Structures are given as C-alpha cells and as structure tokens.
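Student: Quick one: the structure is below, and I'll ask about it shortly.
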Amino acid sequence: MKKLLYLCLTLTTILSPLSAQNDLWGNDSLRYKIGQMIIFGFWGETAPQVILDEIAEYNVGGVLLYRVYENIENAAQAAQLTSNLQASALVPLFMVTDQEGGSVTNLRLSNGFQDSPGAYELGQQNDETTTRDMAAMFSSWFNDIGLNTNFAPVVDLRLNPGNVIGDRSFGADPDIVTQNAYWFMDELHQNNQLTALKHFPGHGSSVGDSHLGFTDITNTWQEIELEPYYALMDSGCVDMIMSAHVFNTDLDPVYPATLSAATIDGLLRETMGYDGVVVTDAMMMGAITQNYGLTEAVTLSINAGVDILLYNWDDDFEGHRLVPLLVDHIAAQVLSETIPRARIEESYQRIINLKNRLNTSPVALNPKPTQAKISMFNYPNPFNPSTTLSYTLERDMLVSISVLDLRGRAVKTLVSKSLSTGDYSIVWDGNNNQGLQMAGGIYFFNLQGPNFNQAIKIVKLD
C-alpha cells in the first residue's frame, strides 16, 4: 500500500511525569483519574442537575450528544447545553458526537443544519475537495455549538456491502479509505478538533451486527483491514481509535476485541506500535450486554488496554447511577489488584495529553481539586452494635456517604443528597443495604462531595 503523501501537524505539550501517589482518598485521588476514563450521554435538551453534579463530583472525562437522545434541537440550544456542561467540569470535557455523514449524522436538516452525503458516496467520487468541504462544514458547526471531538471517520473496509457498516465506509479499497479519512480528519484538526478512527480491528467484513449481539468475524476478517490504521498512524494524525465488539478466534479465542488484551495491548499497541487513546464502542451494545455483566466488561476492557469507556446514557442500574457505580467498581478493583494501578495511570496520562491539544491552558497531570472544608469523626470506635458519624460542611454541596469494606466496595449507602452548610450526624447500625448485619472487621466511612473524597477508618466488633 502506498504511503500517505501528507503529514498531520499536531501540537505537542511537554508534561511533567505522573505522581507516584498511592492515596485512594486524597486530592490526587485514584477516583479523580478514573473519572476521566468515562464518556457518557443522557436524554434531553438540557442537562439535569444530577448530570452536572456527577461531572463535577466524579471528574467525568466527556459527554456524548446525540440527536436521537433529544440533545440537539437546534444550534442555539446545543451551544447553551455544551456551555453548561463545560462549566460544570474541573477538567475540560471531550464534547463528543458521531458525525460521519449520510445515515450517521447528529447535525442534519431536521435540527437546523444540513444533510450530507455518506462516506461511500464520497469514496466513489474520491475527490479531495468534496471530502474536505463536507468535513470543513462539520467542523464549522462544531465550533458554533461547542463540540470538540467527532467519533469519525469510519475506516472499515466495505468487504460486505450489506452489513451494518455498508455505506458508512469509504469503500473496499484501503487506499481510498485511507486517503478520504485523512482529508476528513485534517479538516477537523485545522480547527483544533479531535477524531476517532473506527472500528478496530475492522467491522467491514462482518455478517452480524454487534449492536444486536455476538458478532463473529473469524471466517470473514482479512488482514488488509488493518492497512488504513497503519497508514494513518504513519501520518501522525490519529487522536483516538475506537474498538469494535467483534470476535475473531484467530486474534483471541475467548474475548471480543474491546475486552481482548491480545487485540488491544497485543495487536494494536505492541505489534502496530500505537500508544494513543483507545475508546470503546458503546458498552451498552448487545455484543457486550448479552454476554457479560456490566462490571465484568469494565474490568476486562481496562485490563485489555482500553483508556475510555463509552456509555450511551447515564441511568439507574439496579438502583445505582451509572457513573458512581463505574468509579466505585474500578477503584475497588484497583484496591484488590484485579486492575493494576499502572493501567489507570497510563490511561489518565494518555487522556490528559490528548486534552492538552484542545486547550490553550494545559491541564496538569496531577491537579489539586478545590476541596470543601469538612470534618468528620465517629463515636464509639471500635463499636458494636452501632456508631454515630458526625460531620461538618463548610459550604452547600451534593453529599454521598457510604460504608466501604476493605476492598473499597460500598456495603451501605447512608446519605445521597444535597445538604446545606452545617453540622450533621447519622447512625450506622452495622447493617448493609440488604438489611443484613455485617461481620466484625475494618470498614470506612467515605464522604464524597464535588471533586473530593474523604474517609475515616472504623472497626466493628463481633
């Protein structure tokens, strides 16, 4: 395959090395870094307060806006929405949409923009001006409404025209796909916007649809499907790569690509030499949810080498909000050494490095979140059968207080609401969320507020 004749001009920011802190609960907390590994969406034209609070409290990495989730009514409304979301964030958000052209467009005539041709039509013309003009139009819209990241272009080869990729691909020829993808990406880069190549290692030959369920490409996938990735990485233009939920027993006999260390860390990073951000395809797609539990899939994907977890919307999962559930689970997995802490540090550094290409004021790798002043103590300690937690808030805030076990798992939720400045106390009777008495041992009262966690150790006697 011929090499690209272009090189992408990228911004390079020199950043200080990561801190070696191991304190789970401090300002430089593990949870603070985990939050950057989440991009999620929500329903509605305005952001509910709970969404703004979660972005601030959990340091969420990005927000996904979709037309079908009624996030984008028109340009003015979308601009106000992105402004409100960014205002809630301590670290600037990846403000994301899928704007490929054709059938996958969230900015279109129906919400006040303009319809656009699909990738296959552009590939058939294979004309630099035509492809660049469409991408430049998208980029101009992004500037107007505050989007900075486009989950596009598709670089899947159109090896099975009737599958879920179909007209979303520039074509079956890897040279045409690579060249049009480059033109598309370069236009967004000129406006300091990010892109994501998808869907690695290739969805273009599939018979099934990973949106709907298990998708095996073992007998259809061809190594030629990697060529656009190799060429675009050589050009220096790749910001992110999105993993597919496809299964290929020749790459990994057990797991689909998103959950496969052999595919992400092995093929993409070690063999192909990619050290940038990897984002999952939506983790709510059938290929994942029909075969893996929510937390199981999270652990597998992070250990596979994924940096960002993508969820279509934030909602209640068995009575839990998604973002707190994810952050608590990942933190507990790090504490138990099921997920190496080094994996979180690697992902966090990649994410912040990428965000520093979006911002004129670089984001520190180890920032110190502004912490509300609080004090907390409990008495008696040790205790049996109950103990009283007393705490003081020196400003109004959304507060979450949980009892954690030694593995960092929340066994009892005591408080989850907005509170005013003042003194408070609450009794824990030793029961968990199911009303069962907990065994004697070491636990923690964990108080979370915007941009901080604080914990104290307590001992329950048998």
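Readers should treat all values here as calculations from the given coordinates under stated rules, not as data from a laboratory. The structure presented is a predicted model; accordingly, all values stated were derived computationally and were not measured. Neighbour counts run over all protein chains shown; Cβ positions are idealised from the backbone, glycine included.
Student: Within 10 Å, count the other beta carbons around each residue, average over each peptide in 347-357, 56-66, and list them highest first.
Tutor: 56-66, 347-357
Student: Starting with the highest mean, order 140-146, 155-161, 198-204, 380-386 by the number of other Cβ atoms within 10 Å, averaged over the residues of each peptide.
Tutor: Highest-to-lowest ranking by the protection proxy: 198-204, 155-161, 140-146, 380-386.
Student: Among 234-240, 414-420, 213-219, 99-105, what's the highest-first ranking by average C-beta atoms within 10 angstrom per residue?
Tutor: So the peptides 234-240, 414-420, 213-219, 99-105, ranked by packing, come out 99-105, 234-240, 213-219, 414-420.
Student: Follow-up question, since we're still on this one. For the range 374-460, what does the relative contact order come out to in percent, with C-alpha contacts under 8 Å and a separation of six or more?
Tutor: About 32 percent, as a whole number.
Student: With an 8 Å Cα cut-off and a minimum separation of 6 or more residues, compute the relative contact order for the range 196-330 in percent.
Tutor: 25 percent
Student: Same structure again: Place +1 on the Cβ of every Lys and Arg and -1 on the Cβ of every Asp and Glu in the chain, take the dipole about the Cα centre, and give the residue among Leu157, Leu310, Gly441 whose Cα lies farthest towards its positive end.
Tutor: Towards the positive end, the residue furthest out is Gly441.
Student: On a 0 to 90° scale, report how tilted helix 341-355 is relative to the longest principal axis of the chain, with both axes built from alpha carbons and the result rounded to the nearest 10.
Tutor: 50 degrees
Student: Now, a different point. Return a whole-number percent for the relative contact order of the chain, with Cα pairs under 8 Å and 6 or more residues apart as the contact set.
Tutor: 15 percent
Student: Among the listed pairs Lys198/Lys412; Lys33/Lys457; Lys198/Lys417, which are separated by more than 31 Å between their Cα atoms?
Tutor: Result: Lys198/Lys412; Lys198/Lys417 exceed 31 Å.
Student: Something else now. Report the label-to-label distance for Asn126 and Met438 in nanometres (one decimal), using points 7 Å from each Cα along the Cα→Cβ vector.
Tutor: Rounded to a tenth, the inter-label distance reads 6.5 nm.
Student: Continuing with this model, one more query. Obtain the nm distance between the two label points defined at Val68 and Met272 by a simple spin-label model: each point lies 7 Å from its Cα along the Cα-to-C-beta direction.
Tutor: Each label point is offset 7 Å from its Cα along the Cβ direction, giving 2.6 nm.
Student: By how many degrees, 0 to 90 and rounded to 10, does the Cα axis of helix 75-87 deviate from the longest principal axis of the chain?
Tutor: Compared with the principal axis, the helix lies near 40 degrees.
Student: What dipole magnitude, in Debye to the nearest 20, does the chain give about its Cα centre under +1 on Lys/Arg Cβ and -1 on Asp/Glu Cβ?
Tutor: 1420 debye
Student: Also: I'm spelling it out carefully: the read-out is percent of Cα pairs over 35 Å apart, the candidates are (i) 32; (ii) 23; (iii) 46, and one was derived from this structure. Which label?
Tutor: It is the value labelled (i).
Student: Is the shape of the range 242-289 rounded, prolate or oblate, going by the alpha carbon gyration tensor and its root eigenvalues a ≥ b ≥ c, with a/c under 1.5 for rounded and a/b larger than b/c for prolate? Let's see the in-between values first.
Tutor: Values: a/c = 3.06, a/b = 1.30, b/c = 2.35.
Taking the square roots of the gyration eigenvalues as a ≥ b ≥ c, the range 242-289 is oblate.
Student: Moving to a separate point now. Students often forget the sequence filter, so: which aspartates and glutamates lie under 16 Å Cα-Cα from Lys355 once same-chain residues fewer than 8 apart are removed?
Tutor: Within the straight-line limit of under 16 Å, Lys355 reaches these aspartates and glutamates: Asp239, Asp275, Asp307, Glu345, Glu346.
Student: For helix 49-58, report the angle its Cα long axis makes with the longest principal axis of the Cα atoms of the chain; keep it between 0 and 90° and round to the nearest 10°.
Tutor: Between the helix axis and the principal axis of the chain, the angle is about 80 degrees.
Student: Please find the FRET efficiency linking Asn84 to Thr392, where r is the Cβ-Cβ separation and R0 is fixed at 30 Å, and quote it to the nearest 0.05.
Tutor: According to the calculation, E is roughly 0.50.
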